[in-house]
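Here, each number is a calculation from the coordinates, and none is a lab measurement. Everything numeric here is computed off the predicted structure, so don't read it as measured data. Here the Cβ positions follow ideal geometry from the backbone for every residue, glycine too, while neighbour counts run over all protein chains shown.
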Amino acid sequence: MSEPTDSVIYKGSTIGFGLKLGKEYRKPIAYKLELSYGMDVSFRYSWSKGERDDKTISDRDGLSKTIVYEPGINLVFGLNYVINDSFSLGEELLPHLTY
């Protein structure tokens, strides 16, 4: 018996990392409630490679490689509920612009 000839095999790899550096400020607005705001600069890098081995009658093999460099600016807006000097719960909005 022979192997089936109606399949497509895809092998892929991806690796990436990101970094954000910034400053956040906190301003009390009520008892145990703080407004947080600030700005970050960011950078993201990712690399991916994919290979397609088409065993069907159309035999559309392929190879793709992608490299992404993505700098950006991120804003921080939020509210924090202060439980004690070492712990608070917060909610943030993080609008951003990337290139």
Filtered chymotrypsin sites (Phe, Trp or Tyr not before Pro), segment 12-77: DSSP coil and at most 12 other beta carbons within 10 Å: 31
Contact order relative to length of the chain, as percent, for alpha carbon pairs under 8 angstrom and 6 or more apart: 27 percent
Any idea what the dipole of the chain comes to, in debye rounded to 20, about its Cα centre with Lys/Arg Cβ at +1 and Asp/Glu Cβ at -1? 400 debye
